[in-house]
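The structure appears right after this line, and notes come after that.
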Amino acid sequence: MTPQQLNQLIAAAQAVREKAYCPYSHYPVGAALLTKSGDIIDGCNVENAAFGDTICAERTAAVKAVSQGQKDFEAIAVVTENGGSPCGSCRQFLYEFAPDLLVILANGAGEIQMQVVLSELLPQGFGPSSLP
């Protein structure tokens, strides 16, 4: 990933974070997924009064990508106020497509707090290769 792509990815996550629907947690999250073809697909968290029906920004971006025919992911930038990490469900969801996905965590100002490979966030993850 080029420095320009990294900046575009974080900027896209920052911008979509403003669209988050989070009346319960008041914790807006924006995510921007870089596909191997160079496309950037964004997503924000959308909460629900039935909390289990909430969808995180990371999964929103991944579902949008798949619905657009994109399944090869290179990196994802996640922007929260404090540079928070993806939840376990998002880690598992993304692992399905890209165990070696670069995960970039940034705060609300766009400052990178951490860069890590998804398989380090989800060691011994369960994916398609785990099935017979």
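If a paramagnetic tag sat 7 Å from the Cα of residue 5 along the Cα-Cβ line, which residues of segment 116-132 would have the backbone N under 17 Å from that point?
The answer is 116-118.
Residues with beta-carbon under 12 Å from that of residue 8, excluding residue 8: net charge, scoring Lys, Arg +1 and Asp, Glu -1? Intermediate values should be presented prior to the final figure.
Numbers: positive: none; negative: 39, 42.
Net of charged neighbours comes to -2.
Of the beta bridges DSSP finds with both residues in the chain, what % are antiparallel, to the nearest 5? Before the final figure, lay out the partial values.
Numbers: 18 of 24 bridges.
Roughly 75 percent of the DSSP beta bridges within the chain come out antiparallel.
Pick out, in residue order, every one of the GluC sites (Glu not before Pro) in segment 48-93 that is DSSP loop and has at most 15 other C-beta atoms within 10 Å; say none if there are none. All intermediate terms of the calculation are to be shown ahead of the outcome.
Details: sites: 58, 74, 81; in loops: 81.
Here the GluC sites (Glu not before Pro) that fit, given the DSSP loop and packing criteria, are 81.
Once fully extended, how much extra length lies between residue 66 and residue 19, figured as 0.36 nm per residue of separation less the alpha-carbon to alpha-carbon distance? All intermediate terms of the calculation are to be shown ahead of the outcome.
On the way: separation 47, 0.36 × 47 = 16.92 nm, distance 2.07 nm.
Computed gain between residue 66 and residue 19 is 14.9 nm.
Going by how many other Cβ atoms sit within 10 Å of their own, how do 112, 76, 41 line up, fewest first? Write down the numbers at each step before the final one.
Numbers: 112 13, 76 28, 41 23.
If I rank by nearby Cβ atoms, fewest first, I get 112, 41, 76.
How high is the FRET efficiency between residue 37 and residue 107 when r is their beta carbon distance and R₀ equals 30 Å, given to the nearest 0.05? Let's see the in-between values first.
Details: r = 29 Å, r/R0 = 0.95.
Using R0 = 30 Å, I get an efficiency of 0.60.
What number, in percent, do you get for the relative contact order of the chain if the mean sequence gap of Cα pairs under 8 Å and at least 6 apart is divided by its residue count? Mind dumping the intermediate values first?
Values: 285 pairs, mean separation 26.3, N = 132.
Relative contact order, the chain: 20 percent.
Which of the three applies to segment 3-113, rounded, prolate or oblate, going by the alpha-carbon gyration tensor with a ≥ b ≥ c and a/c under 1.5 meaning rounded?
Details: a/c = 1.68, a/b = 1.20, b/c = 1.40.
Since a/c reaches 1.5 but b/c is at least a/b, the shape of segment 3-113 is classed as oblate.
Readers should treat all values here as calculations from the given coordinates under stated rules, not as data from a laboratory. Everything numeric here is computed off the predicted structure, so don't read it as measured data. Every residue, glycine as well, gets a Cβ built from its backbone with ideal geometry; the counts of neighbours run over all protein chains shown.
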